[in-house]
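The values are calculated or read from the model by the stated rules, or taken from the named source; none is laboratory data. Bear in mind that the values here come from a model prediction, so they are computed numbers and not experimental data. With ideal geometry, Cβ positions are generated from the backbone for all residues, glycine too; neighbour counts draw on all protein chains shown. Areas reflect the complete protein model, heavy atoms only, side chains present, ligands, DNA and RNA absent. Shrake-Rupley method; radii C 1.70, N 1.55, O 1.52, S 1.80 Å.
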Amino acid sequence: MKYRIEGKEDALIIVDVQVDFCPGGALPVPRGDEVVPVLNEYIRRFRAAGALIVATRDWHPPNHVSFKNYGGLWPPHCVQGTEGAKFHPDLNLPDDVIVVSKATDPSREAYSGFEGTDLEERLRRAGVRRVFVGGLATEYCVKSTVLDALRYGFETFLLEDAVRGIDATPGDVEKAIKEMLERGAKKLRLQDIG
Ligand code: VGL
Ligand code: ZN
């Protein structure tokens, strides 16, 4: 199946491609940095088509509830304003990228880019109908963002060559992909764009 990227109705959503989620970071996704060159190619193509480009970022306060010291599951990561919270330095985000900061409330975890943000409203206002989602990590923030996009009625594509997961329990990533597809997401790779 070949898909054409349409300027008006399509958006590329890049999820949490941040220093802390890449090798050497505070909460590294194994081979997380491998999504960067692939996403750069998606960015190039979506830009050429005049489509919207969105980058979400995990943007926690230092006392966030998801951190181990505050009762959560994770080591501190993506703390607002720190080096680890920056986008990967090789990610070629365009100047007009829409940056969506999430999980900023100290008392609430939010994996989805739609949760507690104006992402849905911004997509609607721009007339977006289809969203294409890649980034980190497959079974957490990518999955939640994809499922919310489906719930909101967007035609939703998982960029399967531009996601990586943690797979803390082997099989987690596979299960997450299966769930996204069952809920109606479609898989897409670079070569499916024509
Ligand atoms: C994420 C764990 C904790 C993610 C964010 O971006 O997938 N995972 N915070
Ligand atoms: Zn987080």
Handout entry: Computed [θ] at 222 nm, deg cm²/dmol, the chain (DSSP H ≥ 4; -39,500 (n - 2.57); rounded to nearest 500)
Key = -6500 deg cm²/dmol
Completion exercise
Distance in Å, no decimals, from the C-alpha centre of the range 114-179 to the one of the range 56-96 is 18
Handout entry: Spin-label proximity, Arg151 to the range 110-125 - amide N less than 15 Å from point 7 Å beyond Cα toward beta carbon
Key = 110-121
Practice task
Could you provide, to the nearest whole Å², the per residue accessible area of the chain with probe 1.4 Å?
Solution key: 46
Fill in the blank from the handout: Of the candidates Val35, Phe132, Ile14, the farthest towards the positive dipole end of the chain (Lys/Arg Cβ +1, Asp/Glu Cβ -1, centred on the Cα centre) is Phe132
Completion exercise
Within the set Val65, Val131, Val163, GNM on the chain using Cα springs under 10 Å gives the largest fluctuation to Val65
Fill in the blank from the handout: The local net charge around Val100, scoring Lys/Arg +1 and Asp/Glu -1 for residues other than Val100 whose Cβ lies under 9 Å from its Cβ, equals +2
Fill in the blank from the handout: On the accessible surface of the range 7-192, probed at 1.4 Å with all protein chains in place, carbon and sulfur together account for a percent value of 48
Handout entry: Proximal lysines relative to Lys8, as straight alpha-carbon distance under 23 Å, when same-chain residues fewer than 8 apart are discounted
Key = Lys186, Lys187
Handout entry: Antiparallel %, DSSP beta bridges [both residues in the chain], to 5
Key = 5
Completion exercise
So, with points 7 Å from each Cα along the Cβ direction, the Gln191-Arg122 label distance in nm works out to 3.3
Handout entry: the chain: relative contact order as a whole-number percent, Cα under 8 Å and 6+ apart
Key = 26
Completion exercise
Applying the gyration tensor rule to the Cα atoms of the range 7-192 (axes a ≥ b ≥ c; rounded if a/c under 1.5, else prolate if a/b exceeds b/c, else oblate), the class is rounded
Practice task
Count neighbours as other Cβ atoms within 10 Å of each site's Cβ, and list the trypsin sites (Lys or Arg not before Pro) in the range 26-70 that are DSSP loop with at most 14 such neighbours.
Solution key: Arg31
Problem - Accessible area (Å², 1.4 Å probe, nearest 10) - Leu190 - result: 30
Handout entry: On Cα atoms only, tilt of 35-48 relative to the major axis of the chain in degrees
Key = 40
